[in-house]
Amino acid sequence: NDSEKILSKRGISRPYLLYVGNAYPHKNLEGLIEIFNEIHKESAAGANSSDRLNNLRLVLVGKEDYFYKRIMKYAEDLGLWKEGDKNSRVIFPGYVPDAELEVLYKNALAYVFPSFFEGFGLPPLEAMSEGCPVVSSDKTCLPEVLGEAAIYFNPEDKKETRTRMEKIIKDENLRADLIKKGYEQVKKYSWQKCAEKTLEGYKGALR
């Protein structure tokens with residue numbers, strides 16, 4: 001089917017965790033990759049026999065720029081990514097158009113948002129609108145924007161981040177509950193309101 005074709009074209013195999021956005025340092029993608037690497041190493045060593053953990057991938061979607069190249073190098077140094085290697089654990093599909101992005105959201109185990117700071121958290125709301133459960137940083141405005149429709153972690157606490165990530169991977173009831181709450185949460189936002197709040201956030205950051 002079309003979904004399978006799109007995933008295959010992008011080199012993505014399920015199950016996977018998803019992040020969509022830029023790779024600026026405050027987005028904390030290095031921290032996310034580091035924790036993903038711990039989960040992967042432990043499952044590879046047989047400490048975690050769940051199929052879902054053994055085959056897990058991390059998909060980071062964003063236009064390849066200076067910051068993404070740094071993140072790719074970091075993933076490569078950890079042995080999680082190699083250009084052209086279909087068995088890479090971390091996948092960098094580059095820029096993905098909206099129609100295809102919808103498929104990536106719908107097929108992900110969860111959307112992970114590990115940011116240290118946000119003016120307004122738009123991508124997790126997009127994930128919710130596509131029925132993708134969200135696990136998010138608890139910093140700045142995120143708990144206010146995402147409400148009870150996400151589970152949260154302190155991105156400065158690696159142990160807590162990992163615990164929350166593993167919980168969302170393993171707990172199907174939790175994911176189903178978050179999907180339901182996510183659909184309700186996005187109803188509170190019109191995109192007009194989102195745009196206005198985002199603009200406010202940028203203005204605040206520039207002041």
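The values are calculated or read from the model by the stated rules, or taken from the named source; none is laboratory data. Since this is a predicted model, take the numbers as computed values, not measurements. Don't worry about glycine lacking a Cβ; one is built from the backbone with ideal geometry, like all the others, and counts go over all protein chains shown. The protein model used for the area step is the full one, side chains on, heavy atoms only, and it has no ligands, DNA or RNA in it. Shrake-Rupley method; radii C 1.70, N 1.55, O 1.52, S 1.80 Å.
The set of residues in the stretch 157-180 being in contact with a strand residue (DSSP E or B) (Cβ under 9 Å, 6 or more places away or on another chain) and either among the polar types (S, T, N, Q) or closer than 14 Å to LEU32 by Cβ (or both) consists of GLU160, THR161, ARG162, THR163, ARG164, MET165, ILE168, ILE169.
The condition (being free of Cβ contacts under 8 Å to residues at least 40 places away in the same chain, aromatic (Phe, Trp, Tyr) and either more than 13 Å from GLU166 (Cα to Cα) or in contact with a Leu (Cβ under 8 Å, 6 or more places away or on another chain) (or both)) is satisfied by just one residue among TYR74, TYR66, TYR19, TYR24: TYR66.
Residue-wise test of (1) among the small types (Gly, Ala, Ser); (2) outside any helix (DSSP H, G or I); (3) open to solvent by 10 Å² or more (accessible area, probe 1.4 Å); (4) touching a strand residue (DSSP E or B) at 6+ places or on another chain (Cβ under 7 Å).
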| site | (1), (2), (3), (4) |
| --- | --- |
| LYS63 | no, yes, yes, yes |
| TRP81 | no, yes, yes, yes |
| ASN87 | no, yes, yes, no |
| VAL103 | no, no, yes, no |
| LYS106 | no, no, yes, no |
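Consider the stretch 112-160 and keep the residues that are among the aliphatic types (A, V, I, L, M) and in a helix (DSSP H, G or I). The one that is modelled with the lowest pLDDT is LEU122.
Restricting the stretch 175-207 to residues that are of a type in the set (A, V, I, L, M, F, W, C) and surrounded by fewer than 16 Cβ atoms within 10 Å (Cβ to Cβ) leaves a set whose member that is farthest from PHE113 (Cα to Cα) is LEU206.
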